[in-house]
Every structure is written in C-alpha cells, then in structure tokens.
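Enquirer: Starting off with a structure, shown below.
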Amino acid sequence: MFVARISFPVIEPSALDLAAAEWVVASWHRNGQLPATGWRTYRGEDQVYVIALVSEPNALSGDHGDENVRQQLARLEAGGLGQPSVEILGEDLTAEPTCSCSDITSLILFTTFLDESGPLRCGRCFRHFPLHRLPSAEREGTLYWTSAYRACDTLYMGSGVGERFALRQLSQPDSALSRLGSELARGIRERLAIPTYYYLGHWSGRSMSSEERRPCPTCGGDWRLPEPWHRLFDFRCDKCFWVSNISFDWR
C-alpha cells in the first residue's frame, strides 16, 4: 500500500465545488482503485488535495478507470476544478505489502475486520491482490461483500449484540454472506481463469480428532491438507473452492 497525494487544480474559484473532487474519489473507490475509505480532503491556495491509500503507484491510471470514473472526471470543470495529478508520497509502513507475483496461480477471498486493504489474497505469496486488476464487473460487488463481511466479523469479535448471527454468516456455506462471497469467487475464477477460493471461518470444535476428520461441507469429500496453507488454512476443497481452518480451540 502507498500513500498518495491527489491534487485537483482550482481553475475557477467562483465556481469551486469540493463535491466534484469527492465524487471522483468515491468513483475510484467503487471501482476498486482506492481500497480504503479513510481518505482526507483539504484546500490549498490554488489546489484541492486528497490524501489516500492506493494498492500500487499506478492504481489511479486512466487504464483502470471505468465509465463512471470517466464521467466524474469530465464533470470536474463544472465544479471549478481541473484534472487531477497523483504524487506517491511513499509506502505505508503500517499496511501489508501488495502482491507483486508475475504469475498468479490462485486467489483467496479472505479478509478481517482489521483489514484496510482489499479482500483478495494471492495464493502464492498471500499478499493483497489489488482490486483494480479485476475485471470491472467484479469490483463493486467485491467491495460490497467486503463491507458486509467486515461488519459481521466486527459483531462476532465484539462478542455481544449480533454475535450468533455473525458467526453463522461467517462460518456456514449456505449463509447469505457465504453465498454472495462464493458467487463472487466463482465470477473471478471464470473471468480470470484462476482458481479462486472462499474462506469459511471455523471457531469451535469438539476435539482435535473430530476436527481433523471434518469433511468438506458441500461435497463431503476429504479436504484436509498435509500442511497448513499459509499457516492458516488446514482445509482446501479444489472441487467446491472452499478453504477453512481447524477450530481455533484446537490449533
């Protein structure tokens, strides 16, 4: 992840509308070019600035923009602003690195309530895979799922209101959240021709022996791995594209 300063030149102060810049930034976010929502906007003498996190230095390139992004950029002039320029201030030292693998062999749809980056992980290096590398049709839906998943994860980790509801959403393959996520994984798998797995969390179990014998919840097959994948996933079904873990009670 990189810290970027985005500059919008003020070309007509009397017509200045800061919302025009905000709409551009929001459209970048919906298009997966800005993975985090915590950007900051401020006014300089002759510029409007936005500080934001991007997955890669070229994330805001026009090559990655969709039709909505282009429309919002075209409306800047009516808001008294010119076209933006992007300055990369440096790498965010508190964020996890972005995947730089030249050959992506698999992807994993996995996130937590602590994440600020996108929800896709590279199956080779387990670093974040930038959403702007996805086909445009998959980006907004992936962001929607990410918000829903992190909200459920927050409820569960809070161990209070909504905990049982959140646990079902996070762990059951037939929950609304899991169905949405597995459909997203299927769409990514088909469009990119890359095996894409969905993570089913698992937090409690009766014993270690029963955990090790746990079958795939969809096909009933043996999905136990000889060694944990990325030190987290003890199970992987290459037929149903689920990954999961031995209960944290027994790990």
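The values are calculated or read from the model by the stated rules, or taken from the named source; none is laboratory data. All values reported here derive from a predicted model rather than from experimental measurement. Positions of Cβ are generated from backbone atoms using ideal geometry, with glycine treated the same way; all protein chains shown enter the neighbour counts. Remember, those area values only see protein heavy atoms, side chains included, never the ligands or the DNA or RNA. Shrake-Rupley method; radii C 1.70, N 1.55, O 1.52, S 1.80 Å.
Enquirer: Show the residues, 5+ positions off or on another chain, whose built amide H is closer than 5 Å to the amide H of D249.
Expert: G205
Enquirer: Now a separate question. Rounded to whole Hz and in sequence order, give me ³J(HN,Hα) for region 5-19 from the Karplus expression 6.51 cos²θ - 1.76 cosθ + 1.60, θ = phi - 60°, writing x for Gly and Pro.
Expert: Taking θ as phi minus 60°, the curve returns 10, 9, 10, 10, x, 7, 9, 8, x, 5, 10, 4, 9, 4, 4 Hz for region 5-19.
Enquirer: Using label points projected 7 Å from each Cα along Cα→Cβ, tell me how many nm separate S207 and S100, to one decimal.
Expert: 4.9
Enquirer: G123's amide H: which non-local residues (gap 5+, or another chain) put their own amide H closer than 5 Å, with H modeled 1.01 Å from N in plane and none for Pro or chain starts?
Expert: Amide H neighbours of G123, under 5 Å, 5+ apart: T105, S106, L107, I108.
Enquirer: Considering amide H positions built from the backbone, and no H for Pro or chain starts, which residues 5 or more places from W242, or on another chain, come under 5 Å of its amide H?
Expert: Excluding prolines and chain starts, which carry no amide H, the hits are Y198, C237.
Enquirer: State the Cα centre-to-centre distance between region 131-167 and region 192-213 in whole Å.
Expert: The distance from the Cα centre of region 131-167 to that of region 192-213 comes to 18 Å.
Enquirer: Further, regarding this structure: Restricting attention to region 14-113, which GluC sites (Glu not before Pro) occupy a DSSP loop and are surrounded by at most 10 other Cβ atoms within 10 Å? Working shown, then result.
Expert: Working: sites: E22, E45, E67, E77, E87, E91; in loops: E45.
Qualifying residues, ordered by number: E45.
Enquirer: Roughly how many Å² is the accessible area per residue of region 29-97, as a whole number, for a 1.4 Å probe?
Expert: 55
Enquirer: Ok, one more. Would you kindly derive the ³J(HN,Hα) couplings of region 78-85 from the backbone phi angles with the Karplus curve 6.51 cos²θ - 1.76 cosθ + 1.60 (θ = phi - 60°), listing them in order in whole Hz, with x for Gly and Pro?
Expert: 5, x, x, 10, x, 5, x, 10
Enquirer: Whole-Hz ³J(HN,Hα) for each residue in region 99-111, computed from phi via Karplus 6.51 cos²θ - 1.76 cosθ + 1.60 with θ = phi - 60°, x for glycine and proline: what do you get?
Expert: Along region 99-111, the couplings run 4, 10, 5, 7, 10, 8, 8, 6, 10, 10, 7, 8, 8 Hz.
Enquirer: Here is a follow-up. With runs of 4+ DSSP H residues as the only contributors, calculate the mean residue ellipticity of the chain at 222 nm using -39,500 (n - 2.57) per run, divided by the residue total and rounded to the nearest 500.
Expert: Estimated from H runs of four or more residues: -9500 deg cm²/dmol.
Enquirer: Okay, moving on. Any chance you could run the full-extension gain for E140 through M157? It's 0.36 nm times the residue separation minus the Cα-Cα distance, nm to one decimal.
Expert: The E140-M157 span can extend by a further 3.5 nm.
Enquirer: Carbon and sulfur together cover what percent of the accessible area of region 136-251 at a 1.4 Å probe radius?
Expert: 52
Enquirer: Within a Cβ distance under 10 Å of V3, other residues only, what is the Lys/Arg minus Asp/Glu net charge?
Expert: Taking every Cβ under 10 Å from that of V3, the sum is -2.
Enquirer: Quick check: pseudo-label points 7 Å beyond the Cα along Cα→Cβ at F113 and L93, how many nm apart are they?
Expert: Here the answer is 2.9 nm between the modelled labels.
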